[in-house]
1. Output the residues belonging to the range B:131-167 that are more than 14 Å from chain A (Cβ to nearest Cβ), within 17 Å of B:Gly119 (Cα to Cα) and buried (at least 22 other Cβ atoms within 10 Å of the Cβ).
2. Filter the range B:183-202 down to the residues that are in contact with a Lys or Arg (Cβ under 8 Å, 6 or more places away or on another chain) and farther than 17 Å from B:Glu2 by Cβ, then identify the one that is surrounded by the fewest Cβ atoms within 10 Å (Cβ to Cβ).
3. Across the range A:360-401, which residue is farthest from ligand 2 (Cβ to nearest atom) among those that are within 23 Å of B:Leu81 (Cα to Cα) and β-branched (Val, Ile, Thr)?
4. Report the residue count in the range A:6-37 for those that are free of Cβ contacts under 8 Å to residues at least 40 places away in the same chain and within 22 Å of A:Ser311 (Cβ to Cβ).
5. Name every residue in the range B:85-108 that is at the interface with chain A (Cβ under 7 Å from one of its Cβ atoms) and not small (Gly, Ala, Ser), in order of residue number.
6. Of everything in the range B:30-56, what is within 12 Å of chain A (Cβ to nearest Cβ), within 12 Å of ligand 1 (Cβ to nearest atom) and of a type in the set (Gly, Ala, Ser)? Give them in sequence order.
7. So, in the range B:63-93, of the ones that are crowded, with 16+ Cβ neighbours inside 10 Å and part of a loop (DSSP other than H, G, I, E, B), which residue ends up farthest from ligand 1 (Cβ to nearest atom)?
8. Only one of A:Val316, A:Val307 is at pLDDT 90 or above, within 14 Å of chain B (Cβ to nearest Cβ) and not in a helix (DSSP H, G or I). Can you tell me which?
Amino acid sequence: MQIFRKLPLLNLLRKPVRSVILLCLAAVLSFTVFGGALMVSSLRSGMTSLKERLGADIMVIPEEAAEKKNLEEIVLQGQTGYFYMEDTVTEAVADVEGTGQVSDQIFLASLAASCCSAKVQLIGFDPETDFTVLPWIRRSYSGELKKMEVVVGHDIVSDEGDTLTFYGTDCIVAGKLTRTGTSYDHCVFAGADTIRELTRSSIGRNLNQFKEVDPNHVISCVLVQTEEGADIDEVAKRIEASVSGVRAVPTSGMIAGISGSLLGISHIVRVMTAVIFLLAFLIMMIVFTMLIHERKREYALLRVVGVSRVSLTRSVMSEIVMVCLAGAAAGVLAALLIQILFVRALQGTLDMPMLMPGAGSVIAYMVLSVLAVAAAGILSSFWNVNRVSREEIGLALRRER
Amino acid sequence: MEVRAQQIRKEYIRTSRDTNILTAVASCDFLIPAGQVTVIHGSSGSGKSTLLNVLAGILHPTEGKVFYDGMDLYAKRDEKLSGFRNLHIGYVPQGRSAVSSLNVLENVKLPYALYEEDGSSAALEMTERFGIRDLCEVMPDCLSGGELRRMAIARALVRKPEVIFADEPTGDLDDENTKTVLDSLRQLAKEGAAVLIVTHEEEAFTYADRIFSMNAGKLSQESCRPG
Ligand SMILES: Nc1ncnc2c1ncn2[C@@H]1O[C@H](COP(=O)(O)OP(=O)(O)OP(=O)(O)O)[C@@H](O)[C@H]1O
Ligand SMILES: [Mg+2]
């Protein structure tokens, strides 16, 4: 290739210090844009996955549980509380006017440590009536759950075919669920038969206090889908009125709550991203302006030798675009790496479900961020480059000779 | 190719005692004939570089026109004018003039590179002639003033242009290199080029066909070699 065409590259390679500074600037810029976008969209898809998990309109739990535990944590973060009531509640709830599908679940705590260091939560659901867990399980596991088979959350370190022991009883892992970004990722799911078996073996280990409830007829909560057109709040009130000792919690209120704080966080992230981007953009503009003016005489020399205004502009701009693209690519990769490494920690700090978007959207975000930085580079310098290339050669040549 | 300036005048806007305008070159006609070496000398600040730039097509005159073989130089569009400069004009600027991220050889062959030509052999020949062959791979930052100057001259002459402008071409050079440079310019004039040298060196006068002096923007002819 001829040296004039190679000039932008040579300028970068043969002035390493300057190039590294420019690269860093571009990297900061793309890091912010991409990191911000990734975070906002992780929060969003965390939220979406949460909503999907939470197909129920109303959650019915024992009265004392509603006081004991933060309801939002139970419902939204999937943090199971350990509270129990009689399974007659299910039928009673189903009889209330306005309820559609009704299904109960039981939450058990287990120290079964063959798989995990932390306490594992067992969630038992009734495959006959379930409408929240199964659709989700269907995505990663297509078979029927047989007796003594369980499906594990994404973060449980067991794979299909492994054996997990709870209260001395063995269960086979039949499948593993996709990530949700919530505490459900640490849960183990089992069908009604299996869970009854486990409940029985757990008695006497003093883990789950069923109190006066018969362990063969114990449940933790009833999930309710209201009939089409029914007023959810009304139905909840009716349930509380006709079934004694329970609280009926409409989930939409909670989702609205968490949506609100999610919006808040997304907003903060967006504003911060914008501020950092603007600052980096300004710095970039200053640096490019200095750089371009410092090289005025050199540009004039090229013009004397026969470089036209257009080719000079093209040459300088391609140098800038090159450095922006390279820096931006580095920044984007760094952001991706950090996000992958620290997404759990972030999720913990923000106390929000976070779920990385799929590879396709991540790649799209990456490409868009890199392009955005290249565009910022062009925007921040084009005016100056154009001005310098238009300057009268005879005058520009007088600089610092 | 001959260069003819018609009633050119150049003013700068500059605040001084009672006026805002400095006439760097007072209105004059001027001819650089093909095949001859024309020398301009004069005190510092008298307007020599300004005149040279106007003639070379890189500084618009306030008034007047510059013709290259009858073609109005400043009427050309930038794209055309740039190509014309590349092919026909050799320009040695006053002071240092290196493209800092190109090594010596790349600097010298730059005029060829712009239009996708190689020019390596011509460039090597030039470095040989001006004694910088051993420095071909060296970056300009590491060169002495004289070496840089010879590099700039080599670059200006590499395409064997028909019109050559040299602003203090021998400023940093020793006697031997001064002679080489002036010999080369003389030689190109003999081959038909129009050569204009701005200089302080008395030495250059012996190579000149015509000598002009410049004083506060006013040009006057001092001598003309017969023939
Ligand atoms: N851009 C400018 N704006 C205002 N005045 C200028 C500008 N460029 C040059 N001048 C003035 O014009 C005059 C002529 O300058 P020029 O560079 O042509 O002189 P010169 O004869 O080449 O001097 P030297 O021998 O020192 O190179 C000087 O007085 C200089 O200060
Ligand atoms: Mg001068």
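The values are calculated or read from the model by the stated rules, or taken from the named source; none is laboratory data. Model, not experiment: these values are computed from the prediction. Every residue, glycine as well, gets a Cβ built from its backbone with ideal geometry; the counts of neighbours run over all protein chains shown.
1. B:Ile132, the sole residue that qualifies.
2. B:Ser184
3. Restricting to residues being within 23 Å of B:Leu81 (Cα to Cα) and β-branched (Val, Ile, Thr), the top hit is A:Val385.
4. Looking only at that region, the number is 5.
5. The first filter runs over the range B:85-108 and keeps only residues at the interface with chain A (Cβ under 7 Å from one of its Cβ atoms), leaving B:85-86, B:91, B:93-97, B:99-102, B:106.
Residues satisfying the conditions are B:Arg85, B:Asn86, B:Tyr91, B:Pro93, B:Gln94, B:Arg96, B:Val99, B:Leu102, B:Glu106.
6. B:Ser49
7. That would be B:Lys76.
8. Step by step, each of A:Val316, A:Val307 is checked, and only A:Val307 is at pLDDT 90 or above, within 14 Å of chain B (Cβ to nearest Cβ) and not in a helix (DSSP H, G or I).
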